[in-house]
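Inspection log for the structure reproduced underneath, given as structure tokens.
The values are calculated or read from the model by the stated rules, or taken from the named source; none is laboratory data. Model, not experiment: these values are computed from the prediction. All Cβ positions, even for glycine, are placed from backbone atoms using ideal geometry, and neighbour counts span all protein chains on display.
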């Protein structure tokens, strides 16, 4: 088992024990639409919409627990410390990616390297492989595991060129596996991408990234 997954499982165990001492999440329940009758209703509703847009989709959303957290935070007596809350939220962001990588690694044709990078050969290519210090020209599409596309040189109609040692680790490693003319799918753990950093409003922190990359040429 590589270091990436060992660290992940230790964190998972810690957070599981922590959460067991607080509350159990319930399945998302459908609710009847509410009516906005007053200005205060609209104001509170607007705060709720803004909050949801800021934090994004919440797996296993539980309205009762969410409201309890807001209420106790407003009274400055939450049941969990700031560090505990940060650990739980961070783990939840990682958990989704971890589970995706675990399932994706079982698929036919997918290879997982020691670093945790996963790749699938779409087109083998017939040229040479680039070295770490080489400059390469590629076409690519990138999306999150939920299917959201965040970048595409193909849609821009222009490939990009860069030195392999000046990009994210997942690209540096993955492209050195490819031959000119080849096309691979790379599934990159967050630790080999942007890690704890969010890239604007496009890529959240701790995101697993998926790329289809075509190695057009080694420019050296």
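Is region 150-163 home to any residue that is assigned to a loop (DSSP other than H, G, I, E, B), in contact with a helix residue (DSSP H, G or I) (Cβ under 7 Å, 6 or more places away or on another chain) and within 15 Å of residue 117 (Cβ to Cβ)? Walk me through how you get there before you give the answer.
Our first condition is that a residue be assigned to a loop (DSSP other than H, G, I, E, B); within region 150-163, this holds for 157-159.
Next, only the ones that are in contact with a helix residue (DSSP H, G or I) (Cβ under 7 Å, 6 or more places away or on another chain) stay: 159.
When the remaining residues are screened for being within 15 Å of residue 117 (Cβ to Cβ), the result is none.
Checking region 150-163: not a single residue is assigned to a loop (DSSP other than H, G, I, E, B), in contact with a helix residue (DSSP H, G or I) (Cβ under 7 Å, 6 or more places away or on another chain) and within 15 Å of residue 117 (Cβ to Cβ).
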Could you tell me whether region 88-97 includes any residue that is part of a helix (DSSP H, G or I), under 21 Å from residue 213 (Cα atoms) and either touching a helix residue (DSSP H, G or I) at 6+ places or on another chain (Cβ under 7 Å) or assigned by TED's automatic domain parsing to the domain that holds residue 147 (or both)?
yes
Looking at this structure, is residue 180 assigned to a strand (DSSP E or B) and surrounded by fewer than 18 Cβ atoms within 10 Å (Cβ to Cβ)?
no
Matching residues in region 15-43 (at pLDDT 70 or above and surrounded by 12 or more Cβ atoms within 10 Å (Cβ to Cβ)) number 2
Filtering region 67-84 down to residues that are exposed (fewer than 15 other Cβ atoms within 10 Å of the Cβ) and under 25 Å from the mean Cα position of the chain (by Cα), which residue is nearest to residue 189 (Cα to Cα)?
83
Give region 124-148 a look and list any residue that's in a loop (DSSP other than H, G, I, E, B) and within 18 Å of residue 182 (Cα to Cα), or say none.
124, 125, 126, 127, 128, 129, 130, 131, 132, 134
Looking only at residues that are out of contact with any helix residue (DSSP H, G or I) (no Cβ under 9 Å at 6 or more places or on another chain) and in a loop (DSSP other than H, G, I, E, B) in region 98-123, which one is nearest to residue 215 (Cα to Cα)?
109
